[in-house]
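Step one of this worksheet: look at the structure below.
Just so it is clear, none of the values below were taken in a lab; they were calculated from the coordinates. All values derive from a computational prediction rather than experimental measurement. Note that we place each Cβ from the backbone using ideal geometry, even for glycine, and neighbour counts take in every protein chain shown.
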Amino acid sequence: MPEFSTVPGAPAPGGAYSHAAVANGFLYTAGFGPQDPETGLVADDVGEQTRQVLRNLGTILAAHDLDFSDVVKTTAHLQHIERDFAAYNAAYLEFFDEPYPVRTTVGSQLLGILVEIDVVAALRT
């Protein structure tokens, strides 16, 4: 049976969803945007937005006694993939070390943000 959670210190869900689900040895997160959980503010550039998204995801991982080394899969959505990929990728590399998790990065229509990311992490046994 999956266990769903909403984590204090992360931005409040913007709809009818949980921050994370634990099932079958994995943690699955919702897609997170770049909202600062305290101020709600969003930076203007994709690099800083990516950093804030990953800080938000780091809060979810830490609440489950995990970190970015436990991540096995990321999915990222970029509003302007051709324009912003290099800056997004540079910020992403600040949080992940080799061997990198598998990743899908796609262009998407996003409302008022430049990047959204979700992750799948293997639970520690």
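Summary of values
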quantity: Neighbour-count order for VAL71, VAL106, VAL46, fewest beta carbons within 10 angstrom listed first; calculated: VAL106, VAL71, VAL46
quantity: Contact order relative to length of the chain, as percent, for alpha carbon pairs under 8 angstrom and 6 or more apart; calculated: 32
quantity: Sites matching chymotrypsin sites (Phe, Trp or Tyr not before Pro) across region 1-96 that sit in DSSP coil, with at most 14 neighbouring C-beta atoms within 10 Å; calculated: TYR17
quantity: Magnitude of the charge dipole, the chain, Cβ model with Lys/Arg +1 and Asp/Glu -1, debye to 20; calculated: 300
quantity: GluC sites (Glu not before Pro) within region 1-72, DSSP loop, no more than 12 other Cβ atoms inside 10 Å; calculated: GLU38
quantity: Using a Förster distance of 35 Å, the FRET efficiency for ASN24-ASP44 (Cβ separation, nearest 0.05); calculated: 0.35
quantity: Cα gyration tensor, region 3-122 - rounded (a/c under 1.5), prolate or oblate; calculated: oblate
quantity: Residues whose placed amide H lies under 5 Å from that of THR105, excluding near-sequence neighbours; calculated: ALA76
quantity: Region 105-121 - phi-based ³J(HN,Hα) in whole Hz, Karplus 6.51/-1.76/1.60, Gly and Pro as x; calculated: 10, 10, x, 9, 7, 10, 8, x, 9, 9, 8, 9, 9, 10, 9, 10, 10
quantity: Tilt relative to the chain, helix 46-63 - C-alpha long axis, 0 to 90 degrees, to 10; calculated: 10
quantity: Angle between the chain longest axis and helix 81-92 axis [Cα atoms, degrees, rounded to 10]; calculated: 50
quantity: Extension gain from MET1 to LEU123, taking 0.36 nm per residue of separation minus the Cα-Cα distance; calculated: 42.4 nm
quantity: Positive-end residue of THR125, GLN35, GLN109, charge dipole of the chain with Cβ unit charges; calculated: THR125
quantity: Per-residue HN-Hα couplings for region 67-73 [Karplus 6.51, -1.76, 1.60; θ = phi - 60°; Hz; x = Gly/Pro]; calculated: 9, 5, 6, 8, 6, 10, 8
quantity: Among LEU66, SER5, ALA76 the positive-end extreme of the charge dipole of the chain (Cβ point charges); calculated: SER5
